[in-house]
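Before any comments, here is the structure.
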């Protein structure tokens, strides 16, 4: 199992607010207009429990929320993807209106596939964390 972790991002809201937003994926609809995502993911679609998108050179894939631990963790599993991927969004309140957020991605990759996608996954998990943090801090 290969694990990728984002840097810890700080969000200027309490963990209850952040959890409420992230645990309903329709709240991320505004990400469709994010310029840093437009060149990486296309045809973004959201409902309360899932999201899907088209990645150039990779195809259509998506994620579904499979577990919610109030104010602490949201666990997502891949759908329509050639490999099984699990993502955790971890939250921890660090001050009254400050929440730390970290994304963790775990997947089983063959050595050959890992050599091809390792750098992109490392960069990708941080890019997603950056986009989420910026959206939540607006």
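When its C-alpha radius of gyration is set against 2.2 N^0.38 Å (N residues), the chain gives a value of 1.01. Here the mean projected area of the convex hull built on the C-alpha positions of region 44-98 is 4.8 nm².
Across region 2-136, Cα pairs under 8 Å and at least six residues apart give a relative contact order of 31 percent. With the convex hull of the Cα atoms taken as the outline of region 8-82, the averaged projected area works out to 5.6 nm². Note on region 89-138: Kirkwood radius taken over Cα pairs, Stokes-Einstein applied at 4 °C and 1.567 mPa s, translational D equal to 103 µm² s⁻¹.
Give the calculated FRET efficiency between residue 30 and residue 97 to the nearest 0.05, with a Förster radius of 22 Å applied to their Cβ-Cβ distance. Kindly include the intermediate steps, with their values, before the conclusion.
On the way: r = 21 Å, r/R0 = 0.95.
After rounding to 0.05, the efficiency reads 0.60.
We did not get these values from a lab; they are worked out from the coordinates using the rules stated. The structure presented is a predicted model; accordingly, all values stated were derived computationally and were not measured. So basically every Cβ, Gly included, is an ideal-geometry build from the backbone, and we count neighbours across all protein chains shown.
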